[in-house]
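First up is the structure itself, then whatever we jot down about it.
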Amino acid sequence: MPACGRRAGIRRGGLRPRRRPPAILTALLVAPLGVALAGAGGAWSSGSPHVSASGAAFTAFDVVAGADGVRVLVNVPSAPLSSNVFDGGAPVTQALVNGIGESRALASVPYPGDTAVSLPSLVLPLVGLPAPPDYPLMASSAAPNKPKAVVDSGPLHMAAQSDTHSSSAEATGGGSSGDNAIGRFATSASASADPTVAKVVAKAESTTEAASFGGVLNVGRVHALANVTRPATGKPTTTSSLEIDGLTAAGTTIGVTSKGFVLPGSTSPVPDTSGLSPVLDAAGLSMQYVQSQPVTNGIVSAGLAITVRSPSATVTYVLGRVRAIASSTVTQTAVAPVEVGIAQPAAGESGAAPAAAPSSPGAGSAAASPAGATVAAAPVTSAAPAATSASARPSTGLAASREPSSTVSTTSFYLILVIGALIGLVGGVLVRLFGVKLT
Amino acid sequence: MDFLTLVRNQWDRVAAWVAIVLGALLLLLGWLGVSDALLPTEQVPYIVSGGLGGICLIGIGVMLWLSADLRDEWSELHEIARQLGREDVTQ
């Protein structure tokens, strides 16, 4: 308690007795104190991280899946500003779940792109015009406020749903534009994170059937799949596939292998048909087999790119190329046996009871206890470096943590709060000493 | 001066120090909670309750401390005025 010295004497002398604190001031002081303490209590009671029965808990995770039925890129060399005048898909399905609380999904046919969807409602009010209605051919969901959305418009069906730990979207339909038509397309994307076993899964799938381009090129069916499953321990499973059936040019069947196209009269596959197929060249068409591409923590499946050239523009249709990306950071809490009674040190040890040490790589649980009962658990955390490629990622046993694609922590922000509080306190003392207190 | 009299006369300073100590305690507990929480979504309640609550309490404490000093200054001014014969200022 600070001594008030002379001022305290004045108070004691009763020259100007201190007033009792007014009730409103007391209330103002007590109310935030109570709220803060109650909030802190609530946070402590609910804020402990979820640890599964297997002892694995997420530190961070990021799961993304996306599938386009047909992605359309329009290039106009003479266009102002940019020659890439359009980049959109039909249908487009996307799903995302991550450790900072985001869980959302989107299905749209056609999807004109993020900018085209959001820009009108952003710009028009700025110039005094009313905001346009939301883009109608899109179903989007986001947990927890909008868990489900379904849009049906003629032959088009779009659905998206999200909950705390998973999101999924699907779209089906068909359509035509000029000489180009697609009999049926169906895409789906799902992203999920299971906190009970600390497993993340991303899956994207696309099917396109009875597609016709330029009246010359017909595609019976294209099916693309990308899947990433990342368990708490052990190696992740990354798979992708592309199946192309019934590919014909002017009635002539073109073979497709994982190395490219096998043109009529040839036995060796080529990745690109430009200049090699007179029928396709005459129609201004070319095809390219796009290989699957491993990306950090995921994969993009192979795809079929069909380019239609005209004097004014080049339009590229991409079938397949679905993508799945899943990353997570997992902290292992191994159950450690604790001996009850007399410890039985192992030979060669100094007498201390053996700590929990998984005996085999990938074992998240504790080693077998020697004699005695196991009565308690001791946390063991581990952090291991990540691998960028799923196939190249070694199994590190208990050290199965992975580097997240986005590491977000609020501890730095909290430090700023503490520093701010200290600055406020010191500032108040300085104001008191130099600005208020008589010397 | 016994404790109760001290508290009664110096209620603002007592309240100031109580608020400052509680604020520091909240900051400490909040930090411990943030350190133990793994996901950012789990850290946010500690930041709001511990961090922001602690800062608010410390701010209230500092304000009360300054207010107490200002009140002392006014008491001294009133005493000086009274001794100079201007009884009306103490009314």
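Find the residue count for region A:206-258, including only residues that are in contact with a helix residue (DSSP H, G or I) (Cβ under 9 Å, 6 or more places away or on another chain) and in a strand (DSSP E or B).
3
For the condition under 29 Å from A:TYR317 (Cα atoms) and in contact with an Asp or Glu (Cβ under 6 Å, 6 or more places away or on another chain), what is the one hit in A:VAL92, A:VAL117?
On the way: A:VAL117 fails: in contact with an Asp or Glu (Cβ under 6 Å, 6 or more places away or on another chain).
Only one candidate passes the filter, namely A:VAL92.
Considering (1) touching a residue at least 12 places away in the same chain (Cβ under 8 Å); (2) in contact with a Pro (Cβ under 8 Å, 6 or more places away or on another chain), say which one A:LEU124 fails and leave the rest.
(1)
Which ones in region B:39-68 are surrounded by 23 or more Cβ atoms within 10 Å (Cβ to Cβ) and either of a type in the set (Lys, Arg) or at the interface with another protein chain (Cβ under 7 Å from one of its Cβ atoms) (or both)?
If the condition is that a residue be surrounded by 23 or more Cβ atoms within 10 Å (Cβ to Cβ) and either of a type in the set (Lys, Arg) or at the interface with another protein chain (Cβ under 7 Å from one of its Cβ atoms) (or both), then B:LEU39, B:GLN43, B:TYR46, B:SER49, B:GLY50, B:GLY51, B:GLY53, B:GLY54, B:LEU57, B:ILE58, B:VAL62, B:TRP65 are the ones that fit.
Would a scan of region B:10-29 turn up a residue that is surrounded by fewer than 23 Cβ atoms within 10 Å (Cβ to Cβ), more than 21 Å from A:ARG432 (Cβ to Cβ), free of Cβ contacts under 8 Å to residues at least 60 places away in the same chain and more than 7 Å from every other protein chain (Cβ to nearest Cβ)?
Taking every residue of region B:10-29 in turn, at least one turns out to be surrounded by fewer than 23 Cβ atoms within 10 Å (Cβ to Cβ), more than 21 Å from A:ARG432 (Cβ to Cβ), free of Cβ contacts under 8 Å to residues at least 60 places away in the same chain and more than 7 Å from every other protein chain (Cβ to nearest Cβ).
Read the figures in this text as sums done on the coordinates, not as results from a lab. Quantities reported herein were computed from a predicted structural model and do not represent experimental measurements. A quick note on method: Cβ atoms are made from the backbone with ideal geometry, for glycine too, and the neighbour counts reach across all protein chains shown.
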